[in-house]
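*Asks:* Would you mind keeping the following structure in view while I ask a few things?
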Amino acid sequence: MNKHQAHPVNQKRRRLLQAGAVLATCLSEPVLAATRDDPWQAAQAIIDRCTRTLTFRPQDFLITAYGASECEVVLTEAFISHDERGKVKAPKPGAADCYPAITAAIAACHAAGGGRVLIPKGNWLCCGPMVLRSNVHVHLAAGAHLFFNNDPADYARHGDYDCGPNGKLVLSRWQSNDCLNFSPLVYAYGQQNIALTGEDATSILDGQGGVAFPGSKDCWWGWAGRKADGAPANDRQSVVNPRNPASLESLAPGLSPEQARLIEGGRETWRSDHYFLPALSEAGVPVERRIFGMGHFLRPHMIQLIGCTDVLLQDYQVQAAPFWLHNPVNCRNVLFRNVQMQSIGPNSDGFDPECCDNVLVDGCTFNTGDDCIAIKAGKNRDIQYGVTRNIVIQNSIMNSGHGGVTLGSEMAGGIENIYVQNVEFRNLHWASDALRTAIRLKTNMNRGGFLRHLYVRNVTLPNGVQTKASFSNLLPGAEVPPRSASVGGGAVITFDCDYAPKDDVMRIRPPQVSDVYISGVKVSNVNTDQGARSCYQAIVLLGPLKSSYNGPDKPVVSPITNVTISDCDFGTPVNGKQAWFIHNVRELVLRNVTIANKVYNEVLSA
């Protein structure tokens with residue numbers, strides 16, 4: 001990478017950080033004041049802010065006027081889920097590329113002061129990222145199907161930062177760590193007043209995550225999940241990448257050999273891309289030296305917006321995303337409404353707001369291969385964007401996924417003021433691909449951070465959640481008995497403060513969880529081999545484990561505190577002998593809580 005390119009990255013980030021800090025201060029104070037008086041009044045203030053109408057110049061920029069041509073599609077063999085193959089529609093080899101036309105239309109619209117870029121009905125192939133710009137509204141007509149080409153080189157061709165053999169990359173964030181990487185398929189950085197909309201579920205953004213790359217047996221999903229026969233076995237994010245240096249000392253010369261060894265963790269897999277990026281963050285390596293892209297295996301997001309204000313995402317469908325579907329980072333005033341998600345690939349999180357302030361999720365449907373919603377807030381030392389706060393999730397449906405509404409696991413900057421209401425955790429595919437848990441917190445001694453002021457009311461689970469246990473993966477010497485806490489799936493409410501501890505070699509940041517209020521949860525049974533059952537356990541609250549900490553001192557490890565669960569019916573758990581599990585919890589209040597037709601009113605600590 002050209003040494004002169006380091007300064008623009010830092011300068012751009014500095015401007016966004018300063019603007020974000022000002023916005024966070026200005027926008028949060030009235031909401032926080034309302035929270036102290038009435039949490040749902042505060043939620044309504046967030047709704048009102050996020051639903052303010054965005055305005056755009058009344059001029060259309062039709063992509064066909066800039067040279068776009070429809071593409072012919074054919075049926076092709078592909079992965080349609082983590083491990084299932086089938087036939088999908090894909091552009092015919094040699095199909096016309098509308099990337100230049102879409103890029104030109106957006107540029108013309110932006111230069112004119114804004115307007116609407118229109119993608120009409122038909123099949124379209126885009127061999128490169130769609131980069132959104134201020135005051136531009138990109139709209140997919142009913143029946144518009146936009147295929148993003150499944151060639152990694154197309155997303156390392158147009159970025160701002162020339163990284164030599166790794167390609168021309170963009171400033172991105174991958175699982176909450178900053179890096180230079182492939183461009184997301186839809187990307188924006190530091191823009192204002194932007195919209196991506198469709199007419200309905202026939203307006204489709206297609207990431208082709210399971211379709212083989214040109215001239216290869218591999219695909220985006222193969223970098224993390226099952227591979228087709230004949231695909232290169234070592235092209236994985238979890239396999240040691242020989243392109244990554246053998247020691248951190250070459251990238252972070254200020255580290256002592258002891259510090260470098262501690263971050264590397266004594267395991268060869270620290271050089272896999274998946275673990276190498278967090279190690280760079282932990283070592284304080286600046287983002288301009290965290291270079292991935294070509295030759296590496298960190299898949300791009302479907303839609304990632306960084307440092308944007310006044311954002312509308314509405315009325316379209318996303319399918320087969322390479323990685324997370326939507327990841328707004330350090331954004332303000334985001335409306336995510338009436339979006340349908342169909343992506344059952346590895347790490348197919350539906351919506352991951354990160355370090356954002358004022359976000360409304362309304363009327364969306366999630367059918368995803370990982371968490372439906374996962375609220376993030378940075379990881380390791382990448383916490384410069386601050387706290388994630390003031391998010392309302394309502395009127396939505398969750399089907400397949402690991403967690404319905406999840407907080408974490410990457411939450412080092414902290415999460416507060418989250419409101420969930422009128423959500424149906426439908427779990428439509430309960431017999432074959434069950435929703436693992438409905439309300440989920442996951443963190444550990446590395447991910448750290450805090451969660452405070454989570455409010456949930458009026459949610460239903462007509463088909464329960466997963467009824468089989470998924471027990472915690474404890475470290476040796478843990479103070480919790482094995483096979484007791486079903487934190488990986490099977491509980492309706494799951495707080496896991498020891499999530500995947502083996503993933504993180506430096507566990508030095510104890511998390512804090514407090515002030516959680518959940519009411520009106522109604523869980524129905526389904527017919528299983530063991531009779532009518534709703535879940536494996538109703539509630540699992542696993543607080544931080546002191547035994548998991550491996551830092552040099554002995555910090556305070558706080559229990560989960562001040563959790564109230566009221567007016568709920570959890571149906572009939574499979575584990576009737578231990579319908580709930582709690583550890584390192586102080587003041588769990590159960591008020592009018594029904595489990596297996598028995599009503600509980602008590603205060604628990606453990």
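The values are calculated or read from the model by the stated rules, or taken from the named source; none is laboratory data. Values in this document were obtained by computation on a predicted structure and should not be read as measured data. In this analysis, Cβ positions are derived from the backbone assuming ideal geometry, glycine residues included, and neighbour counts consider all displayed protein chains. When the accessible area is computed, the model is the full protein with side chains, heavy atoms only, and any ligands, DNA or RNA have been set aside. Shrake-Rupley method; radii C 1.70, N 1.55, O 1.52, S 1.80 Å.
*Asks:* Mind listing whichever residues of the stretch 331-356 are within 12 Å of Ile393 (Cα to Cα), among the hydrophobic types (A, V, I, L, M, F, W, C) and in a loop (DSSP other than H, G, I, E, B)?
*Replies:* Listed by number, the list is empty, since nothing qualifies.
*Asks:* Being out of contact with any Phe, Trp or Tyr (no Cβ under 7 Å at 6 or more places or on another chain), in a loop (DSSP other than H, G, I, E, B) and modelled with pLDDT of 95 or more: is that true of Ser519 here?
*Replies:* Spelling it out, it is not the case that Ser519 is out of contact with any Phe, Trp or Tyr (no Cβ under 7 Å at 6 or more places or on another chain), in a loop (DSSP other than H, G, I, E, B) and modelled with pLDDT of 95 or more.
*Asks:* For Ile263, work out the one condition from (1) part of a helix (DSSP H, G or I); (2) surrounded by fewer than 15 Cβ atoms within 10 Å (Cβ to Cβ); (3) touching a residue at least 40 places away in the same chain (Cβ under 8 Å) it doesn't fulfil.
*Replies:* (2)
*Asks:* Looking for something within 23 Å of Ala141 (Cα to Cα) and either surrounded by fewer than 24 Cβ atoms within 10 Å (Cβ to Cβ) or not polar (S, T, N, Q) (or both) - is there at least one such residue anywhere in the stretch 344-356?
*Replies:* yes
*Asks:* So, Val599, is that one under 24 Å from Val465 (Cβ atoms) and either assigned to a loop (DSSP other than H, G, I, E, B) or of a type outside the set (Asp, Glu) (or both) or not? Walk me through it before giving the result.
*Replies:* On the way: under 24 Å from Val465 (Cβ atoms): yes; either assigned to a loop (DSSP other than H, G, I, E, B) or of a type outside the set (Asp, Glu) (or both): yes.
So Val599 passes the test.
*Asks:* Just one of (1) within 29 Å of Gln384 (Cβ to Cβ); (2) open to solvent by 20 Å² or more (accessible area, probe 1.4 Å); (3) of a type in the set (S, T, N, Q); (4) assigned to a loop (DSSP other than H, G, I, E, B) trips up Thr269, so point out which.
*Replies:* With respect to (1) within 29 Å of Gln384 (Cβ to Cβ); (2) open to solvent by 20 Å² or more (accessible area, probe 1.4 Å); (3) of a type in the set (S, T, N, Q); (4) assigned to a loop (DSSP other than H, G, I, E, B), Thr269 is out only on (4).
*Asks:* Kindly establish whether Arg436 is touching a residue at least 60 places away in the same chain (Cβ under 8 Å) and among the basic types (Lys, Arg).
*Replies:* When the stated conditions are applied, Arg436 does not pass them.
*Asks:* Of the residues that sit in the stretch 140-154 and are touching a residue at least 60 places away in the same chain (Cβ under 8 Å) and outside any loop (DSSP other than H, G, I, E, B), which one is surrounded by the most Cβ atoms within 10 Å (Cβ to Cβ)? Before you say what the answer is, go through the steps one by one.
*Replies:* Initial filter on the stretch 140-154 (touching a residue at least 60 places away in the same chain (Cβ under 8 Å)): 140-148, 150-153.
After this cut, where a residue has to be outside any loop (DSSP other than H, G, I, E, B) as well, the list is 140, 144-148, 152-153.
Details: Leu140: 26, Ala144: 22, His145: 23, Leu146: 26, Phe147: 24, Phe148: 28, Pro152: 23, Ala153: 15.
Within the stretch 140-154, the match that is surrounded by the most Cβ atoms within 10 Å (Cβ to Cβ) is Phe148.
*Asks:* Let me spell it out: the conditions are (1) modelled with pLDDT of 95 or more; (2) more than 30 Å from Phe56 (Cα to Cα), and Gln191 meets all of them except one. Which number is the exception?
*Replies:* (2)
*Asks:* Here's another thing I want to ask about it. Does the stretch 285-306 hold any residues that are open to solvent by 10 Å² or more (accessible area, probe 1.4 Å) and in contact with a Leu (Cβ under 8 Å, 6 or more places away or on another chain), and which are they?
*Replies:* Glu288, Arg289, Arg290, Ile291
*Asks:* Next question, about the same structure. Taking the condition open to solvent by 70 Å² or more (accessible area, probe 1.4 Å) and modelled with pLDDT of 95 or more, does Asp97 pass? Write out each step before concluding.
*Replies:* Numbers: open to solvent by 70 Å² or more (accessible area, probe 1.4 Å): no; modelled with pLDDT of 95 or more: yes.
It is false that Asp97 is open to solvent by 70 Å² or more (accessible area, probe 1.4 Å) and modelled with pLDDT of 95 or more.
*Asks:* Consider the stretch 157-215. How many of its residues are over 20 Å from the mean Cα position of the chain (by Cα) and farther than 17 Å from Gln317 by Cα?
*Replies:* Counting residues in the stretch 157-215 that are over 20 Å from the mean Cα position of the chain (by Cα) and farther than 17 Å from Gln317 by Cα gives 22.
*Asks:* While we're looking at this one, here's another question. Determine the pairs where a residue that is on the phi > 0 side of the Ramachandran plot and among the polar types (S, T, N, Q), located within the stretch 551-567, has a partner that is in a strand (DSSP E or B) and open to solvent by 50 Å² or more (accessible area, probe 1.4 Å) with Cβ atoms under 7 Å apart, the partner being 6 or more residues away or on another chain.
*Replies:* Pairs found: Asn562/Glu587.
*Asks:* Please determine whether any residue of the stretch 139-150 is in contact with a Cys (Cβ under 7 Å, 6 or more places away or on another chain) and farther than 24 Å from Leu75 by Cα.
*Replies:* Taking every residue of the stretch 139-150 in turn, none turns out to be in contact with a Cys (Cβ under 7 Å, 6 or more places away or on another chain) and farther than 24 Å from Leu75 by Cα.
*Asks:* Another question, then. Could you list, in sequence order, all residues of the stretch 596-606 that are surrounded by 16 or more Cβ atoms within 10 Å (Cβ to Cβ) and either touching a helix residue (DSSP H, G or I) at 6+ places or on another chain (Cβ under 7 Å) or of a type in the set (Ser, Thr, Tyr) (or both)?
*Replies:* Listed by number, the list holds a single entry, Tyr600.
*Asks:* Taking the stretch 496-516 as the region of interest, how many residues are part of a strand (DSSP E or B) and open to solvent by 50 Å² or more (accessible area, probe 1.4 Å)?
*Replies:* Here the count works out to 1.
*Asks:* Residues in the stretch 318-326: is at least one open to solvent by 10 Å² or more (accessible area, probe 1.4 Å) and in contact with a helix residue (DSSP H, G or I) (Cβ under 6 Å, 6 or more places away or on another chain)?
*Replies:* Restricting attention to the stretch 318-326, the residues satisfying the condition of being open to solvent by 10 Å² or more (accessible area, probe 1.4 Å) are 319-320.
Narrowing further to those that are in contact with a helix residue (DSSP H, G or I) (Cβ under 6 Å, 6 or more places away or on another chain): none.
No: the stretch 318-326 contains no residue that is open to solvent by 10 Å² or more (accessible area, probe 1.4 Å) and in contact with a helix residue (DSSP H, G or I) (Cβ under 6 Å, 6 or more places away or on another chain).
*Asks:* Yes or no: the stretch 243-251 includes at least one residue that is open to solvent by 70 Å² or more (accessible area, probe 1.4 Å) and among the basic types (Lys, Arg).
*Replies:* The first filter runs over the stretch 243-251 and keeps only residues open to solvent by 70 Å² or more (accessible area, probe 1.4 Å), leaving 243, 246, 249-250.
Then keep just the ones that are among the basic types (Lys, Arg); that gives 243.
Looking for residues that are open to solvent by 70 Å² or more (accessible area, probe 1.4 Å) and among the basic types (Lys, Arg), one finds at least one in the stretch 243-251, hence yes.
*Asks:* Being among the aliphatic types (A, V, I, L, M) and farther than 15 Å from Ser238 by Cα is the filter; apply it to the stretch 272-284 and report the residue that is surrounded by the most Cβ atoms within 10 Å (Cβ to Cβ).
*Replies:* So in the stretch 272-284, the residues among the aliphatic types (A, V, I, L, M) come out as 277, 279-280, 283.
Subsequent filtering for residues that are farther than 15 Å from Ser238 by Cα retains 280, 283.
On the way: Leu280: 26, Ala283: 20.
So, considering only residues that are among the aliphatic types (A, V, I, L, M) and farther than 15 Å from Ser238 by Cα, the one surrounded by the most Cβ atoms within 10 Å (Cβ to Cβ) is Leu280.
*Asks:* Then there's this: Within the stretch 212-224, which residues are of a type outside the set (Lys, Arg) and over 15 Å from Pro300 (Cα atoms)?
*Replies:* Ala212, Pro214, Gly215, Ser216, Asp218, listed by residue number.
*Asks:* Right, something else. Can you confirm whether Tyr155 is in contact with a Gly (Cβ under 8 Å, 6 or more places away or on another chain) and either modelled with pLDDT of 95 or more or closer than 23 Å to Gly67 by Cβ (or both)?
*Replies:* The answer is yes for Tyr155.
*Asks:* When you scan the stretch 255-269, do you find a residue that is of a type in the set (D, E, K, R), out of contact with any helix residue (DSSP H, G or I) (no Cβ under 7 Å at 6 or more places or on another chain) and under 22 Å from Asn395 (Cβ atoms), even just one?
*Replies:* No, because not a single residue in the stretch 255-269 is of a type in the set (D, E, K, R), out of contact with any helix residue (DSSP H, G or I) (no Cβ under 7 Å at 6 or more places or on another chain) and under 22 Å from Asn395 (Cβ atoms).
*Asks:* Since His82 meets every condition but one in (1) modelled with pLDDT of 95 or more; (2) open to solvent by 50 Å² or more (accessible area, probe 1.4 Å); (3) touching a Gly at 6+ places or on another chain (Cβ under 6 Å); (4) not aromatic (Phe, Trp, Tyr), which condition does it not meet?
*Replies:* The one condition His82 does not meet is (1).
*Asks:* Looking at Asn463, Asn458, which is the one that is outside any strand (DSSP E or B) and either in contact with a strand residue (DSSP E or B) (Cβ under 7 Å, 6 or more places away or on another chain) or farther than 30 Å from Asp273 by Cβ (or both)?
*Replies:* Result: Asn463 is the single residue among Asn463, Asn458 that is outside any strand (DSSP E or B) and either in contact with a strand residue (DSSP E or B) (Cβ under 7 Å, 6 or more places away or on another chain) or farther than 30 Å from Asp273 by Cβ (or both).
*Asks:* So for the stretch 121-128 (the condition being among the polar types (S, T, N, Q), part of a strand (DSSP E or B) and touching a residue at least 60 places away in the same chain (Cβ under 8 Å)), does at least one residue qualify?
*Replies:* For the stretch 121-128, residues among the polar types (S, T, N, Q), part of a strand (DSSP E or B) and touching a residue at least 60 places away in the same chain (Cβ under 8 Å): absent.
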